[in-house]
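Structure, as structure tokens:
Derivation of every value follows stated rules applied to the coordinates shown; laboratory data play no part. What you are looking at is a predicted structure, and each value in this text was computed from that prediction instead of being measured. With ideal geometry, Cβ positions are generated from the backbone for all residues, glycine too; neighbour counts draw on all protein chains shown.
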Amino acid sequence: MFSGSIVPIITPFKEDESIDYETLGSLIEFHIAKGTYGFIPVGTTGESATLSHKEHRDVVRFVIERVAKRVPVIAGCGSNSTAEAIELAKAAKEDGADGILSITPYYNKPTQEGLVAHFTEIAKAVEIPIILYNVPGRTGVNMLPETVKKLSTIENIIAVKEASGNLVQSAEIKRLCDGKIALFCGEDSLIFPMMAIGGRGCISASANVAPEDFASMVEEANNRNFDRARSLYYKLLPLTSAMFWETNPVPVKESLKMMGLIPTAKTRLPLVGLREETREKIRAILATYNLLK
């Protein structure tokens, strides 16, 4: 159902920390022009953790309306409360999202049985395509391939964003679930390797900065043009590394500001701006890609 380079789009803020919808709209047009396959508003890169429930829904609704069915919009809808995750999923469906991205519950560290129960309840509560999201570095729990296999039998669970950084785990998911759900790379430095083992696409924070090359890399891999995809992967590798020198999405926002695409790199606490030495290193990286304004 979904494939290609899907961008977890940033949530731009004004200096007073209110949401800058004008800039968000211009970023959407920028991405569509550069070949981005779809958007995920209010994911981790969209700073969902510091948005109010009203802001969360307002951003999702804005992106859906601005995109106007030109590409898919998959709403970030995760929570460590199953009831809250269901509430967010129902709101996304009501507002017209094409699917949802649902993260494994964080902080309370459920067992594998708890993960199955959590996602089963979400899938039962709302008939909308669901992409599971496994990112143990942020949540403290790793969703194992056998758990993904169990969940793959549920009709509206259609994909998994795998961001464990473990390529063997990704391969095992593909082996166990081949033909049942799609595998998306959520670890930016492993996009080409995951495409080579049968991935369908990527959900990449770094694609906020270089959407055309990310879209091309994934498209070439999906078309089995692996030499071309590999070349783009190595071209992008220094950039993808730089985007995680400090906590995502701080380097991404600072880069977009240097590129002239957003007026301010403002984040909400507890995230703060880049250290000056990191900023200058990223500026140098962007210069090698001719991305500076």
On the basis of being more than 24 Å from residue 163 (Cβ to Cβ) and of a type outside the set (A, V, I, L, M), does residue 227 make the cut?
yes
All but one of (1) surrounded by fewer than 16 Cβ atoms within 10 Å (Cβ to Cβ); (2) small (Gly, Ala, Ser); (3) within 16 Å of the chain's Cα centre (by Cα); (4) within 20 Å of residue 41 (Cα to Cα) hold for residue 137; state the number of the condition that does not hold.
(4)
I need a count of the residues in the stretch 265-293 that are surrounded by fewer than 16 Cβ atoms within 10 Å (Cβ to Cβ) and polar (S, T, N, Q).
2
In the set 241, 216, which member is surrounded by fewer than 17 Cβ atoms within 10 Å (Cβ to Cβ), out of contact with any Pro (no Cβ under 7 Å at 6 or more places or on another chain) and among the hydroxyl-bearing types (Ser, Thr, Tyr)?
241
Give the stretch 158-180 a look and list any residue that's buried (at least 17 other Cβ atoms within 10 Å of the Cβ) and under 17 Å from the mean Cα position of the chain (by Cα), or say none.
158, 159, 160, 161, 162, 163, 164, 170
Output yes when any residue across the stretch 189-209 is surrounded by fewer than 23 Cβ atoms within 10 Å (Cβ to Cβ), touching a residue at least 40 places away in the same chain (Cβ under 8 Å) and farther than 25 Å from residue 149 by Cβ, and no when none is.
yes
So which of 149, 124 ends up being surrounded by fewer than 18 Cβ atoms within 10 Å (Cβ to Cβ), over 19 Å from residue 200 (Cβ atoms) and among the basic types (Lys, Arg)?
124
